[in-house]
Every structure is written in structure tokens, then in C-alpha cells.
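The values are calculated or read from the model by the stated rules, or taken from the named source; none is laboratory data. Quick caveat, the model's predicted, so the values are computed rather than measured. Here the Cβ positions follow ideal geometry from the backbone for every residue, glycine too, while neighbour counts run over all protein chains shown.
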Amino acid sequence: MPANFWQILGCTLMGADFMLTTQFTGCTFCWADIENVIRAAHNGPTKAGYTDAALATSYPGGGNGVATRIIAQGAAAGMANAPGASLRVFGRGAGNAPAIGEQNPFYPNLALQYATIIGRRKNDIWKIFLQVVDTTGALSEHRRIH
């Protein structure tokens, strides 16, 4: 049976002005915004401690599979602690977040790139950004996602 993502618990971004995720290697970043109170979650495609996407503990399809499944659940997917809020999904190769400008609502589906999500609160408004680096450490993409 496919995983069910209707019980995602988002961390409430309060009391700080800066947010930084750990490195994404196929993970999906989800958030819900209720009156500019952001709740966010980092969903990994593998069981903690397992980095090989071929392992049985990995989600089918890796990072793209996780993002695609959360989006496919539609209204059934959401944050348990943000009832009624639209769940925004930003994953590897798939996403439903409103695109800012001409950009994709997801990050590259390339195995040799890593992403980090950075948030900044100013005047009680959160702006969230993507940064992608390749295996040499070179910045290959950066943009605002919320």
C-alpha cells in the first residue's frame, strides 16, 4: 500500500527570523501558510540512516516518488497541525507550489545535485529560497520559492 501523507506535522516557524534545512538529496520540502504563520516539513525518501535509494526501506521512485505521491493525494495530503491550509510541495522533479516568475515549482531531478532550503522572516513575512549545488560545490541554481 502506498504511503499516506495526511499526517505530516510541520514545524511552526516562529520565534526566529532565519530557517535552514539540512541537505536535500531527493527530499521534499512541504509547507502550509495560514495568515503568514508558516509550518514546514522536510520529508525524506529513505529511512533515516539509509542513503541508497535501491534499499527496501526507500520510497519507490526516490525523491520524485515522494513529491509525486504527496501531490497525488490532493486534499487528503496536508499538515495535521494546519487543518484547511493548502499544502505546498517542493520536491525533486515535482511540486505544486505556485511558481515565482518563470521558474519550476520543483528543484532539478538530477542525482548529482543537492539542495538546501533557506527561509528569512522580515517584517513578519517569510520568504523561502532554494539553493542547489553540484558535487563540486558549485552553485548551480538559486531562486525564491515562496
Hey, can you tell me all the residues within the stretch 96-108 that are surrounded by 21 or more Cβ atoms within 10 Å (Cβ to Cβ) and within 11 Å of H146 (Cβ to Cβ)?
A97
For the stretch 14-37, name all the residues that are farther than 23 Å from N123 by Cβ and either in contact with a helix residue (DSSP H, G or I) (Cβ under 7 Å, 6 or more places away or on another chain) or in a loop (DSSP other than H, G, I, E, B) (or both).
T22, Q23, T25, G26, C27, T28, C30
Here is a list of conditions, (1) crowded, with 18+ Cβ neighbours inside 10 Å; (2) farther than 16 Å from A32 by Cα; (3) in contact (Cβ under 8 Å) with a residue 60 or more places away in the chain; (4) not aliphatic (A, V, I, L, M), and G119 meets all of them except one; can you say which number that is?
(2)
Which residues, taken from the stretch 1-40, are exposed (fewer than 12 other Cβ atoms within 10 Å of the Cβ) and hydroxyl-bearing (S, T, Y)?
T22
Scanning the stretch 109-141 residue by residue, those charged (D, E, K, R) and not in a strand (DSSP E or B) turn out to be D124
Cross-chain or 6+ apart pairs with Cβ under 6 Å, the stretch 12-26 first and more than 19 Å from V133 (Cβ to Cβ), then modelled with pLDDT of 90 or more and β-branched (V, I, T)
L13/I38
